[in-house]
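Novice: Sharing a structure here in structure tokens format.
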Ligand code: HEC
């Protein structure tokens with residue numbers, strides 16, 4: 001009798017613990033993330049997905065190491081930075097060149113400049129909605145609806161991210177300090193030679 005009672009109590013405790021845990025894990029996977037959690041996830045994704053490589057200006061240490069300019073995170077090619085002259089014949093055929101900060105690129109498409117991804121309304125993506133941002137990253141179009149994005153923006157890689165990842169990245173970008181930086185317009189291929197030689 002006593003033994004039966006003991007087994008019943010142990011079983012009850014076991015099932016209680018089992019179902020409480022089940023409830024917790026189910027809740028964990030379906031509970032929508034708060035805005036703060038989305039921003040934290042977006043921060044992690046943006047800074048582990050190479051966005052800084054092209055979109056953040058760089059500084060160089062005395063021994064030549066390249067570092068991110070943390071005062072201008074993700075603000076794109078600096079508006080006052082002139083792209084140095086380039087003799088394309090020296091590049092040999094079919095090469096692509098990047099400037100020192102990796103924010104400006106020369107190739108068969110002409111010259112392209114990494115965009116300002118801070119939420120400045122006039123010069124960044126402050127006027128871009130979440131939907132437009134997702135379309136930009138998935139369809140490779142400027143502001144999601146404009147001309148095709150030029151290389152080397154790797155949207156074909158980023159288009160594979162989940163909706164939640166892209167939403168989180170957008171939430172993080174919108175939480176950044178807006179930086180006013182008017183990135184130059186791209187230079188088409190037929191004007192690129194004269195443009196690069198003239199500087
Ligand atoms: C290898 C360089 C490179 C990397 C890495 C890169 N980008 Fe870009 N990105 C560019 C360039 C260059 C442009 C401008 C293309 C153009 O003018 O057509 C651009 C444009 C964009 C635009 C379009 C802005 C607009 O006004 O519509 C968005 C958004 C963007 N990038 C987001 C990102 C995000 C987010 C990441 C990281 C997940 C990233 N990029 C990584 C080079 C890069």
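The values are calculated or read from the model by the stated rules, or taken from the named source; none is laboratory data. Given the structure is predicted, the values throughout are model-derived calculations rather than measurements. For neighbour counting, all protein chains shown are included, and Cβ atoms are generated from backbone atoms with ideal geometry for every residue, glycine included.
Novice: Is it the case that some residue within segment 65-81 is within 12 Å of the ligand (Cβ to nearest atom), in the same structural domain as residue 151 (by TED's automatic domain parsing) and not in a loop (DSSP other than H, G, I, E, B)?
Specialist: Among the residues of segment 65-81, not one is within 12 Å of the ligand (Cβ to nearest atom), in the same structural domain as residue 151 (by TED's automatic domain parsing) and not in a loop (DSSP other than H, G, I, E, B), which makes the answer no.
Novice: Evaluate segment 154-168: report whether one residue or more is touching a strand residue (DSSP E or B) at 6+ places or on another chain (Cβ under 6 Å) and near the ligand (Cβ under 7 Å from one of its atoms).
Specialist: No.
Novice: Just one of 105, 109 is in contact (Cβ under 8 Å) with a residue 60 or more places away in the chain, surrounded by 14 or more Cβ atoms within 10 Å (Cβ to Cβ) and either under 14 Å from the mean Cα position of the chain (by Cα) or within 11 Å of the ligand (Cβ to nearest atom) (or both); which is it?
Specialist: Step by step, each of 105, 109 is checked, and only 109 is in contact (Cβ under 8 Å) with a residue 60 or more places away in the chain, surrounded by 14 or more Cβ atoms within 10 Å (Cβ to Cβ) and either under 14 Å from the mean Cα position of the chain (by Cα) or within 11 Å of the ligand (Cβ to nearest atom) (or both).
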